[in-house]
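Note sheet for the following structure.
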Amino acid sequence: MSDEALARAAAAIRRGELVGMPTETVYGLAANAQDPDAVLRIFAAKGRPRFDPLIVHVPAAAAAWQIAVPTPRAQRLAAACWPGPLTLVLRRRPGVPDVVTAGLETVAVRVPAHPLALALLRACGVPLAAPSANPFGRISPTTAAHVREQLGDAVAEVLDGGPCSVGIESTVLQVDPPCILRPGGTTRAHLEAVLQEPVAVATAPVRAQALGLPSPGLLASHYAPRTPLVLRDGAWPPAAGLAVLAWRGTDIPAGVHAREVLSAHGDLAEAARGLFAALRRLDASGAREICAELVPATGLGEGINDRLRRAAGLGPAPA
Ligand code: TXA
Ligand code: MG
């Protein structure tokens, strides 16, 4: 990635335009978080409902505390987990535009662990609101090419930072008391080790309440391929026309239309890294149906299974 591209991207942000930004989790669709018109362009480009608030990206914890009010737990988490795939939901300070937070009294902040994201944040000198750079409800992008394919017309520049190293989005944590609103790249076990206390995972009603929504169902379907996707329940379905998304791939029936194995040797980090690209390939394979297998529900598996359930239109795991 050239210095010129970085300079062009920073200038575009300052003009109120959108930039495709690599992060360690997925690519983001970034705009100046202090410019309400720029942030509105994000919602328009994604077709995202305005009630779904955005994450504000900053280069360091000190910048986060200018946007959100830190608490002792937040400070411990920031020291241990930033830069990294953890988003903290905290009370917001005045001055954060309503369009960023969907009018909530809280704001989501994170410091991404990607050198180009940090370079862009430093070069433009403003916090960046950035959701994943996919049309609302579709598969999140983990390469610059994915962003260009899906939102190329909406962005002034896509910074190419290579394939994302984590591959699923950040863990979104409501900090006080600690409750995971979206499982992701930082595991619950790690959060519990840092905080030295149990961390809950939100039920659908709690998550809806955090977003001020009347119904949890409003955000149930997400990360969806166009091909119908079902979760494996017992035996694999009949092979004809079937695309299989397997965990270790030891028992895939002969004659399937397409197959992807998340990790032959059972590595959850490898599975997370390849998940969205594998889903895209299966979606493009012309199969009649995708059947996906859940992975072990530990560590990164909580985030992976959450994405698979949503891709199947089932929403997050029941409590
Ligand atoms: O890894 C990531 O988090 C990526 C990269 C680009 O940073 N971003 C991302 O953003 O996944 P997005 O907009 O696709 O997901 C943000 C999530 C949504 O589920 C949203 O509802 C939640 O964060 N969120 C944002 N602000 C919130 C708030 N104040 N309270 C509760 N949830 C919030
Ligand atoms: Mg998203």
Rounded to a whole number, what is D in µm²/s for the range 1-51 from Stokes-Einstein with the Kirkwood radius over alpha-carbon pairs (10 °C, 1.306 mPa s)?
137
Cβ-placed point charges (K, R +1; D, E -1), dipole of the range 226-319 about Cα centre in debye, nearest 20:
280
Taking the Cα centre of the chain as origin, work out the dipole magnitude from +1 charges on Lys and Arg Cβ and -1 charges on Asp and Glu Cβ, in debye rounded to 20.
360
Here the alpha-carbon Rg of the chain over 2.2 N^0.38 Å rounds to 0.96
Helical mean residue ellipticity (222 nm; -39500 (n - 2.57) per DSSP H run of 4+; nearest 500) of the chain:
-9000 deg cm²/dmol
Mean separation of Cα contacts under 8 Å, 6 or more apart, over the residue count of the chain: relative contact order %:
19
In nm, give the distance between the simple-model label positions of VAL69 and ALA5, each being 7 Å from the Cα along the Cα-to-Cβ direction.
4.2
Can you run the Rg to Rh ratio on the range 86-225? Use alpha carbon positions and the Kirkwood inverse-distance Rh.
0.96
Once you put a point 7 Å from the Cα of ALA189 and another 7 Å from the Cα of ARG76, both along the Cβ direction, what distance in nm separates them?
1.9
If you split all Cα-Cα distances of the range 117-163 into 10 Å bins from zero, what percentages do you get per bin, shortest first?
24, 53, 22, 0
Under a point-charge model restricted to the Cβ atoms of Lys and Arg (+1) and Asp and Glu (-1), what is the dipole moment magnitude of the range 1-125 relative to its Cα centre, in debye to the nearest 20?
280
Mind computing the radius of gyration and Dmax over the alpha-carbon atoms of the range 1-136? Å is fine for both.
13.7, 40
Using a cut-off of 14 Å between beta-carbons, work out the net charge of the residues near ARG248 (Lys and Arg +1, Asp and Glu -1, ARG248 not included).
-3
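Using the alpha carbons of the range 40-93, what is the convex hull volume per residue in cubic angstrom, as a whole number?
Numbers: hull volume 5.4 nm³, N = 54.
It comes to 100 Å³ per residue, whole-number rounded.
Every number here is computed from the coordinates shown, using simple stated rules; none is lab data. All values derive from a computational prediction rather than experimental measurement. Cβ coordinates were reconstructed from backbone atoms using ideal geometry, including for glycine residues, and neighbour counts include every protein chain displayed.
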